[in-house]
Amino acid sequence: MLDSEWFTEQLPGAESAFSLKIKAKLHAEQSEFQHLEIYETEGFGNLMVIDGCTMVSTRDNFFYHEMMSHTPLFTHPDPKRVWIIGGGDCGTLREVLKHPGVEKAVQIDIDERVTRLAEIYFPELCESNNDPRAELKFIDGIKWVKDAVPNSVDIIIVDSTDPVGPAEGLFSAAFYRDCFKALSPNGFVVQQSESALLHLKLIGEMRDAMSNAGLSHLQTFFFPQCIYPSGWWSGTIASKVALAGFREQDCANKAFDTEFYNVDMHKAALAQPEFFKKAMAKK
């Protein structure tokens, strides 16, 4: 929602809202799949909005992109093949490719226009798009996983919009079963899992679907994300095998810079509040 000075996203049920003061509306279009808008804001740099929901801003995107990339990549013992389902702004791809051990990273987003707008308005997120290890595909990620050769990927990062519209199928049991088939023996899925404060039921249902698909070793982690509902977000790792901590020494000695992620943040992200523990224990 836009008035003369503010972009406002009303949250489900309209019991709360989030607003950013804007300088200008830079772009708007209806793609084949969704409505895309770009704003210049007063304090958060550029802002991408998809179907009325805030997606990425210049100022705070590092929380999400770093945590959704480095948390799983340092959890896996030796990730070489990574798929990013969604992630059209390319920020997650950039972070994944900071890991020298990654041999191939494929980004599969159904809407090419998201990436083309990111190249214009968020070029810093797209700086690794031409890395020889990167491959960008603008196709249906659900079908890509369904048609995949068994044992062909180590980590699948589901960097999707909310579970409505084009992304709805990415939260289904059928999708997780296809992921299980495509993953290597030590492989796992990591999916953005919304806000524990506002979407606890969804997280529980998602974890159940993952577990029922054979991805029964689960780990939900938490991180701040200012422009998303509640300002507090989560990701959930669902693995074929037990998760044995993370490569703490490799993380401490990482040869690349981050703004948020480090050993301490990884450990802190795994701490679960009591209300979350109780809710998941009832499942």
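Bear in mind that the values in this text are calculations on the coordinates, not laboratory data. It should be emphasised that the depicted structure is a prediction, and the values quoted were computed from it without experimental measurement. No Cβ is skipped: glycine too gets one built from the backbone with ideal geometry, and neighbour counts run over all protein chains shown.
Observations on the structure shown:
- Look at Glu248, Glu66 and count the other Cβ atoms within 10 Å of each Cβ; fewest to most, that gives Glu248, Glu66.
- Long hydrophobic helices in the chain: the complete DSSP H runs spanning 20 Å or more by Cα along their own axis with mean Kyte-Doolittle hydropathy of at least -0.5 are 61-75.
- Only the Cβ atoms of Lys and Arg (+1) and of Asp and Glu (-1) were treated as charged; on that basis the dipole of segment 61-281 about its Cα centre amounts to roughly 680 debye.
- Projected label distance in nm at Leu270 and Asp147, using a 7 Å step from Cα toward the beta-carbon: 3.8
- Gained length - His217 relative to Asp250, 0.36 nm times residue gap less alpha-carbon distance: 9.6 nm
- Taking 7 Å steps out from each Cα toward its Cβ at Glu205 and Asp131 produces label points 3.5 nm apart.
- Theoretical gain in end-to-end length, Asp257 to Ser19 [0.36 nm per residue, Cα-Cα removed]: 82.6 nm
- For Lys143, the lysines whose Cα comes closer than 18 Å to its Cα, not counting residues fewer than 8 places off in the same chain, are Lys181.
- For the chain, share of DSSP beta bridges that run antiparallel, in % to the nearest 5: 65
- Chain lengthening between Arg116 and Ala279 when straightened (0.36 nm per residue, less Cα-Cα): 54.6 nm
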